[in-house]
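Worksheet for the structure shown next.
The values are calculated or read from the model by the stated rules, or taken from the named source; none is laboratory data. Quantities reported herein were computed from a predicted structural model and do not represent experimental measurements. Here the Cβ positions follow ideal geometry from the backbone for every residue, glycine too, while neighbour counts run over all protein chains shown.
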Amino acid sequence: MSNDRATSADDRTVHIEQYTGRILADVRFAEYSVYAQGMVGRFAAPPMPSELPL
């Protein structure tokens, strides 16, 4: 499942078994590791020089 939330703190990952519909994992942002939180964008990296306006 995927959804763009207003804030990263609302992010959530849900894994569902495709045949039974059973929820295998339901992980919320607060349960993410520091590295995963960084990937979600909570700690955004500065833009690369090539992304800066001229």
| note | Checked segment 2-54 for anything within 11 Å of the chain's Cα centre (by Cα) and at pLDDT below 60; matches are S2, N3, D4, R42
| request: Under 9 Å between Cβ atoms, at least 6 apart or on separate chains: pull out the pairs that start in segment 13-26 with a residue that is in contact (Cβ under 8 Å) with a residue 12 or more places away in the chain and end on any residue that is surrounded by 10 or more Cβ atoms within 10 Å (Cβ to Cβ) and part of a loop (DSSP other than H, G, I, E, B). | output: T13/Y32
